[in-house]
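Quick notes on the structure that follows.
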Amino acid sequence: MSDPGVSGAHRQNGGLRPRTSLLISLALALLLGSLSALVMFPAAQHLRSLQDGERARATLRTSGSCMLGGCQVRFEADGRTVVANLPVGSGGGKDSVGTPLTVRYQADDPQVVAREEDVGGGGAAASMVMSGAGALLFLIISVVVAVFAVRQQRAASSPGAG
């Protein structure tokens with residue numbers, strides 16, 4: 001029992017592989033593009049906004065994945081002790097708890113803080129470029145897969161196939 005309109009290779013692949021590959025590539029492109037545009041670009045802008053902030057000596061209170069915003073620092077601002085989270089895009093994830101560092105903070109809101117080494121936005125900008133390049137790569141892969149799928153479908157449905 002054979003279907004004259006479907007080639008052996010097309011039947012063997014199940015017919016969904018190119019479409020599934022296309023959807024996965026598009027989803028990854030969308031995810032990486034969103035990460036770049038909606039997370040890392042604003043993080044880089046936020047870090048740059050603190051370049052002229054007040055300077056203070058701080059101590060790393062919790063360590064972890066600082067790039068994802070998982071670190072806290074403790075410092076003195078206007079005579080009171082402040083514990084603040086470092087923003088997404090911060091470096092220093094390999095530093096241990098208790099490590100002294102210099103931070104910049106907004107004078108009117110000391111909870112808005114960043115490591116002085118990060119206020120150029122370089123780490124977040126580099127992550128933005130890498131995730132944007134990844135999005136572009138998966139978008140190109142999607143186009144290649146789509147072209148391949150269309151050619152495969154045309155070959156399978158041509159009168160001489162089968």
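The values are calculated or read from the model by the stated rules, or taken from the named source; none is laboratory data. Just so it is clear, the model here is predicted, and its values are computed rather than measured. Cβ sites come from the backbone with ideal geometry, for glycine too, and all protein chains shown count toward neighbours. Each accessible area value is taken on the protein alone, full model and side chains, heavy atoms only, with ligands, DNA and RNA left out. Shrake-Rupley method; radii C 1.70, N 1.55, O 1.52, S 1.80 Å.
Say we look at segment 1-59 and pick out the residues that are farther than 30 Å from Leu101 by Cα and touching a Phe, Trp or Tyr at 6+ places or on another chain (Cβ under 8 Å); which of these is modelled with the lowest pLDDT? Reasoning before the result, please.
Step one: filter segment 1-59 for residues farther than 30 Å from Leu101 by Cα, giving 1-34.
Within this subset, residues satisfying the condition of being touching a Phe, Trp or Tyr at 6+ places or on another chain (Cβ under 8 Å) are 18, 25-26, 28-29, 32.
Details: Pro18: 77, Ser25: 91, Leu26: 93, Leu28: 94, Ala29: 95, Leu32: 94.
By that ranking, first place goes to Pro18.
How many residues does segment 112-157 contain that are open to solvent by less than 50 Å² (accessible area, probe 1.4 Å) and of a type in the set (S, T, N, Q)?
The qualifying residues number 4.
What pairs come up if the first residue lies in segment 80-100 and is assigned to a loop (DSSP other than H, G, I, E, B), the second is among the basic types (Lys, Arg) and surrounded by fewer than 18 Cβ atoms within 10 Å (Cβ to Cβ), and their beta carbons are under 8 Å apart, counting only those six or more places apart or on different chains?
Val97/Arg61
Restricting attention to segment 101-111, and to residues there that are out of contact with any Asp or Glu (no Cβ under 6 Å at 6 or more places or on another chain), part of a strand (DSSP E or B) and open to solvent by 30 Å² or more (accessible area, probe 1.4 Å), which single residue is nearest to Ser49 (Cα to Cα)?
Only one residue tops the list, namely Gln106.
Output the residues belonging to segment 113-145 that are at pLDDT 90 or above, assigned to a helix (DSSP H, G or I) and β-branched (Val, Ile, Thr).
Val129, Ile140, Ile141, Val143, Val144
For segment 62-91, enumerate the residues that are open to solvent by 40 Å² or more (accessible area, probe 1.4 Å), polar (S, T, N, Q) and within 27 Å of Val129 (Cα to Cα).
Ser63, Ser65, Gln72, Asn85
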